[in-house]
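Worksheet: the structure to be examined is printed underneath.
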Amino acid sequence: LGGLVCKPHLAVLVPVALVAGRCGRAFAGAVVASLALIALTLPLVRLDGFEAFLENLAASRRIVLAEPDLLWKMPGVFAAARLSLSEAAAYGIQAVASLVMAFVVWRAWSRFDDVLGRFAVLTTATVLATPYLVDYDLILHPISGAQAMGDPIDRAPEAIEADLAKGWTSRRVAE
């Protein structure tokens, strides 16, 4: 979880999940790992590198908002809304989606013990909660789908064959 410090937009709901699930050790571990990665990186990129990263965020935002064609590479709620609405309206819709997804994650992680189901909810909700999602970030989607299906070792072979027949997974993944 600490490695998500490199892609923080994909970690936006992780604190909600860990607090709701009463996963204090995992939360602490994620914080320590994140800080350790930053500390290890600091001598390599120095403070200038972090400042450049923050400047790049602002520049990326301006480019995306100025170039509507780039919105097609962003399969998230904000981009979908921005294609036909004002920037303010798109941010408003994104804020509502983010809050709803935080609530969904909170409910799932505070009420259910099924670990695979929890992570399926978390990864799916993350796609809808983050305003900055690019097409290559969609690796989360098959991960959430695989988690929702459960551990192949625990599943009946007929269920796995049915998933293969429906195209929900590939033979390589199922094996």
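The values are calculated or read from the model by the stated rules, or taken from the named source; none is laboratory data. Quick caveat: nothing in here was measured; it's all calculated off a predicted structure. Every residue, glycine among them, receives a Cβ derived from its backbone with ideal geometry; neighbour counts consider all protein chains shown. Surface areas here come from the heavy atoms of the whole protein model, side chains and all, with no ligands, DNA or RNA. Shrake-Rupley method; radii C 1.70, N 1.55, O 1.52, S 1.80 Å.
For segment 93-113, the set of residues classified as over 14 Å from Leu18 (Cα atoms) and over 16 Å from the mean Cα position of the chain (by Cα) consists of Ile93, Val96, listed by residue number. Taking the conditions (1) surrounded by 15 or more Cβ atoms within 10 Å (Cβ to Cβ); (2) farther than 25 Å from Leu128 by Cα; (3) at pLDDT below 85 in turn, Leu37 satisfies each one other than (3). Pairing residues of segment 35-46 that are over 13 Å from Gly2 (Cα atoms) with residues that are part of a helix (DSSP H, G or I), at Cβ distances under 8 Å and at least 6 apart in sequence or on separate chains, gives Thr41/Gly49; Leu42/Phe50. Within segment 11-59, being within 23 Å of Ala97 (Cα to Cα) and touching a helix residue (DSSP H, G or I) at 6+ places or on another chain (Cβ under 6 Å) holds for Ala11, Val12, Leu13, Val16, Ala17, Leu18, Ala20, Gly21. Here's a check for you: in segment 65-82, which residue that is touching a residue at least 40 places away in the same chain (Cβ under 8 Å) and part of a helix (DSSP H, G or I) is surrounded by the fewest Cβ atoms within 10 Å (Cβ to Cβ)? Among those residues, the one meeting the criterion is Lys73.
Can you confirm whether segment 44-60 contains a residue that is in a helix (DSSP H, G or I), hydroxyl-bearing (Ser, Thr, Tyr) and at pLDDT below 85? Looking through segment 44-60, at least one residue is in a helix (DSSP H, G or I), hydroxyl-bearing (Ser, Thr, Tyr) and at pLDDT below 85. Of a type in the set (A, V, I, L, M, F, W, C) and assigned to a loop (DSSP other than H, G, I, E, B): does that describe Leu85? Taking the combined requirement at face value, the residue satisfies it. Here is a check on your reading of the model: is Val19 hydrophobic (A, V, I, L, M, F, W, C), modelled with pLDDT of 95 or more and either open to solvent by 50 Å² or more (accessible area, probe 1.4 Å) or outside any helix (DSSP H, G or I) (or both)? Spelling it out, Val19 is indeed hydrophobic (A, V, I, L, M, F, W, C), modelled with pLDDT of 95 or more and either open to solvent by 50 Å² or more (accessible area, probe 1.4 Å) or outside any helix (DSSP H, G or I) (or both).
When Ile143 is evaluated against the numbered criteria (1) assigned to a loop (DSSP other than H, G, I, E, B); (2) modelled with pLDDT under 70, which criterion, by number, is the only one it fails? Condition not satisfied by Ile143: (1).
For (1) open to solvent by less than 60 Å² (accessible area, probe 1.4 Å); (2) hydrophobic (A, V, I, L, M, F, W, C); (3) modelled with pLDDT under 75, each residue gets a yes or a no:
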position: Trp109; (1), (2), (3): yes, yes, no
position: Asp113; (1), (2), (3): no, no, no
position: Leu116; (1), (2), (3): no, yes, no
position: Phe119; (1), (2), (3): no, yes, no
position: Leu133; (1), (2), (3): yes, yes, no
position: Ile139; (1), (2), (3): no, yes, yes
position: Glu161; (1), (2), (3): no, no, no
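Report every pair of residues separated by at least 6 positions or lying on different chains whose Cβ atoms are under 7 Å apart, first residue within segment 105-129 and farther than 17 Å from Leu4 by Cβ, second part of a helix (DSSP H, G or I) and among the basic types (Lys, Arg). Qualifying pairs under 7 Å: Ala108/Arg118; Phe112/Arg118.
Considered as a group, the residues in segment 46-64 that are aliphatic (A, V, I, L, M) and open to solvent by 60 Å² or more (accessible area, probe 1.4 Å) include one that is farthest from the chain's Cα centre (by Cα), and that residue is Leu47.
May I ask you to list the residues in segment 87-97 that are modelled with pLDDT of 90 or more and open to solvent by 30 Å² or more (accessible area, probe 1.4 Å)? Answer for segment 87-97, where residues must be modelled with pLDDT of 90 or more and open to solvent by 30 Å² or more (accessible area, probe 1.4 Å): Ala88, Ala89, Tyr91, Gly92, Ile93, Ala95, Val96.
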